[in-house]
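For reference, the structure is listed below as structure tokens.
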Amino acid sequence: MERDTRADRIADAAIALLARGGARALTHRAVDAEAGLPPGSTSYYARSRAALVAATVDRLVRLDLAEAPPPAVDGSAEPSPGDLTAQLAGLLAHWTGPGRDRHLARYALSLEARRDPGVRRCLDAGGGRLRTHLAGLLERLGADDPERRARWLAAAVDGVLFDELCGWGSSRPLDADGLHAAAADLVAAVLGTTAPEPLSPGRAAGSAPGRRGTTASS
């Protein structure tokens with residue numbers, strides 16, 4: 001248990017460094033300092049930089065899966081498109097708020113993956129796990145060709161997140177109602193249903209750039 005706790009602490013420190021300083025900031029010594037651990041601690045758990053990247057990606061995926069809507073479970077109540085919309089809206093609010101570092105870290109690793117096949121393999125394996133999970137949920141909701149639709153939905157969610165964190169939307173972020181409307185549109189598109197009318201305009205009226213409306217969930 002202690003080993004697992006310290007390994008996660010190291011991976012969390014790596015995520016924070018990547019989000020703040022990009023791939024160049026990820027070194028064993030920097031992770032030790034960020035995690036508040038004695039020098040050499042990170043090297044004990046991840047002997048090479050490749051091993052450190054793999055551990056970090058695994059931590060990112062495990063955190064995402066822990067928050068994702070559960071796939072099919074025998075005997076459990078069937079989900080509805082409305083359930084998925086509410087869950088996705090909550091995840092978007094979290095991932096563009098308190099959980100933003102995980103996605104900024106993933107972007108940093110994605111840029112490095114363009115030059116490093118080892119990083120690319122780690123990210124591809126992690127992304128495959130998430131898409132398999134999502135396909136199981138979509139199959140349970142009755143989607144045809146759930147694997148194809150899971151790939152599309154994952155890409156669409158990535159697009160919303162990138163726009164909110166790094167793109168045009170980062171200076172005019174969506175409020176809670178806007179995120180819910182975005183989630184409803186995505187779920188309706190992937191399931192071939194009709195999205196409900198948005199509760200209010202998507203951008204927080206009068207909010208300062210870079211800050212969410214007061215109704216945004218955390």
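Evaluate the charge dipole of the range 41-148 about its Cα centre and quote only its size in Debye, nearest 20, assuming +1 on the Cβ of each Lys and Arg and -1 on the Cβ of each Asp and Glu.
780 debye
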### Query
Which of A7, G36, G21 sits closest to the plus end of the dipole of the range 1-41, meaning its Cα is farthest towards the positive end, when Lys and Arg get +1 and Asp and Glu get -1 on the C-beta?
G21
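Suppose a student asked you for the relative contact order of the range 49-191, using Cα pairs under 8 Å spaced at least 6 residues apart; what percent would you report? Numbers along the way, then the final one.
Details: 114 pairs, mean separation 49.9, N = 143.
Computed value for the range 49-191: 35 percent relative contact order.
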### Task
Let me know the charge dipole size of the range 9-66 about its Cα centre in debye, to the nearest 20, where only the beta-carbon of Lys, Arg (+1) and Asp, Glu (-1) is charged.
160 debye
### Message
From Cα pairs below 8 angstrom and at least 6 apart in sequence, can you work out the relative contact order of the range 75-156, rounded to a whole percent?
### Response
24 percent
### Task
Express in % the proportion of alpha carbon pairs of the range 49-191 at distances exceeding 26 Å.
25 percent
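Quick note: the coordinates plus some simple rules give every number you see, no bench work behind them. Here the structure is a predicted model, which means the values were calculated and not measured. Cβ sites come from the backbone with ideal geometry, for glycine too, and all protein chains shown count toward neighbours.
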